Amino acid sequence: MITREEALNLLSMHVKNGNMKKHSLASEAVMRAVARKLGEDEDRWGLAGLLHDVDVEITNADLAVHTKEAVNILGKEDIDAEIIEAIRLHNEVAHPGEHRSTVFQHALAAGETITGLITATALVYPDKKVASVKVKSVKKRMKETAFARSVNREIIMECENAGIELDSFIELSLDAMKGISEELEL
């Protein structure tokens, strides 16, 4: 299995946009927290969070092909098949008709999606800080039309398929992101 440092180098080779790197770091933090809560291997789950968008710039964020290139990139590395499969399935648009079937797959889809929603929620506050975001604010944003276009509520709800109810999942994710807020500059 590649180390976190090797994964960061791999991410930096393929992702140049600073905001995308921060999203990957936030997703890693959330996935580590989810893994701890569920008694899973936080290094493996964190790796999936960190690398889930390794191909986003290569594919120009085209959802129809996003994750297909990631499979090619990650398949050349010392990364186990379960991680690659979870990354492959985190974006259902590229794989119509396929469904997530494991707790890991559901958690990654929900975890990486909630990071985007929490970031977007923080950015509408005057101080632009994750520390200001509350669970009820995130739930409210999930229902707003402007956010619904960019963040799929149903994917966030997959947290329940991973065994964590929505409020707990949001709180867990907020705490994880607050823990690295300086690195995220949020």
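Annotations for the structure displayed:
- Some residue of region 26-49 being among the hydrophobic types (A, V, I, L, M, F, W, C) and over 22 Å from Leu172 (Cβ atoms): no
- Residue ID - surrounded by the most Cβ atoms within 10 Å (Cβ to Cβ), chosen from residues in region 1-47 that are over 21 Å from Asn72 (Cα atoms), under 13 Å from the mean Cα position of the chain (by Cα) and among the charged types (D, E, K, R): Arg32
- Unique match (being of a type outside the set (D, E, K, R) and surrounded by fewer than 21 Cβ atoms within 10 Å (Cβ to Cβ)) among Ile79, Ile84: Ile84
- Conditions (1) at pLDDT 90 or above; (2) in contact with a Leu (Cβ under 9 Å, 6 or more places away or on another chain); (3) of a type in the set (D, E, K, R); (4) farther than 19 Å from His52 by Cα: number failed by Arg100: (4)
The values are calculated or read from the model by the stated rules, or taken from the named source; none is laboratory data. Everything numeric here is computed off the predicted structure, so don't read it as measured data. Glycine also receives a Cβ, built like all others from the backbone with ideal geometry; neighbour counts cover every protein chain displayed.
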